[in-house]
Amino acid sequence: MKLSRPVSWFLLAFGVWSWFIWITFVKNLWKDGSGLAFDDAGDPTAYFWVHLLLAITSFLLGTAVGVIGFRGVKALRRERA
């Protein structure tokens with residue numbers, strides 16, 4: 001399968017964006033002081049575990065999408081040369 005240049009760049013940008021967003025989210029989740037992520041004893045709550053799992057899944061999917069985009073960009077550059 002051959003990806004077009006715009007699609008390849010979009011997928012690569014989506015992968016980078018996903019990492020940026022979810023790293024920021026995990027940092028904020030870790031520093032949560034509202035009582036949602038950690039209970040009064042400082043132990044993680046179900047909210048924390050669910051959102052951490054969501055972030056990890058998004059990291060993995062964002063990485064996969066970004067790798068596909070990177071390979072598409074790389075193939076197009078090789079084709080041009």
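Taking θ as phi - 60° and the Karplus parameters 6.51, -1.76 and 1.60, the scalar couplings of region 43-60 work out to 8, x, 9, 4, 4, 4, 5, 5, 6, 5, 4, 4, 5, 4, 4, 5, 4, 5 Hz in sequence order, x denoting glycine and proline. Solvent exposure of region 5-80 amounts to 72 Å² per residue of accessible area, where only protein heavy atoms count and the probe is 1.4 Å.
Estimated from the Cβ-Cβ distance and a Förster radius of 30 angstrom, the FRET efficiency linking ALA55 and ARG78 is about 0.30.
Here the Karplus relation 6.51 cos²θ - 1.76 cosθ + 1.60, evaluated at θ = phi - 60°, turns the backbone of region 70-81 into coupling constants of 4, 5, x, 5, 4, 5, 5, 5, 5, 5, 5, 7 Hz, with x for every Gly and Pro. Rounded to the nearest whole Hz, the Karplus-based 3J(HN,Hα) values (6.51 cos²θ - 1.76 cosθ + 1.60, θ = phi - 60°) of region 15-26 follow the sequence x, 5, 4, 4, 5, 4, 5, 6, 5, 4, 4, 5, with x at glycine and proline. Expressed as a fraction of 2.2 N^0.38 Å, the value expected for a compact globular protein of N residues, the C-alpha radius of gyration of the chain is 1.51. Each stretch of four or more DSSP H residues adds -39500 (n - 2.57); spread over every residue of the chain, this sum gives -27000 deg cm²/dmol at 222 nm. For PHE38, nonlocal amide neighbours, meaning residues 5 or more places apart or on other chains whose placed amide H falls under 5 Å from its own, are THR45. The listed residues SER58, SER4, SER34, once ranked by accessible area (1.4 Å probe) with the largest placed first, stand as SER34, SER4, SER58.
Would you mind telling me the share, in percent, of accessible area of the chain contributed by carbon and sulfur at probe 1.4 angstrom? Mind dumping the intermediate values first?
Values: 4250 of 6040 Å².
C and S atoms contribute 70 percent here.
The values are calculated or read from the model by the stated rules, or taken from the named source; none is laboratory data. Predicted, not measured: the structure shown is a model, and the values here were computed from it. Quick reminder, even Gly has a Cβ in these numbers, built from the backbone with ideal geometry, and neighbours come from all protein chains shown. Each accessible area value is taken on the protein alone, full model and side chains, heavy atoms only, with ligands, DNA and RNA left out. Shrake-Rupley method; radii C 1.70, N 1.55, O 1.52, S 1.80 Å.
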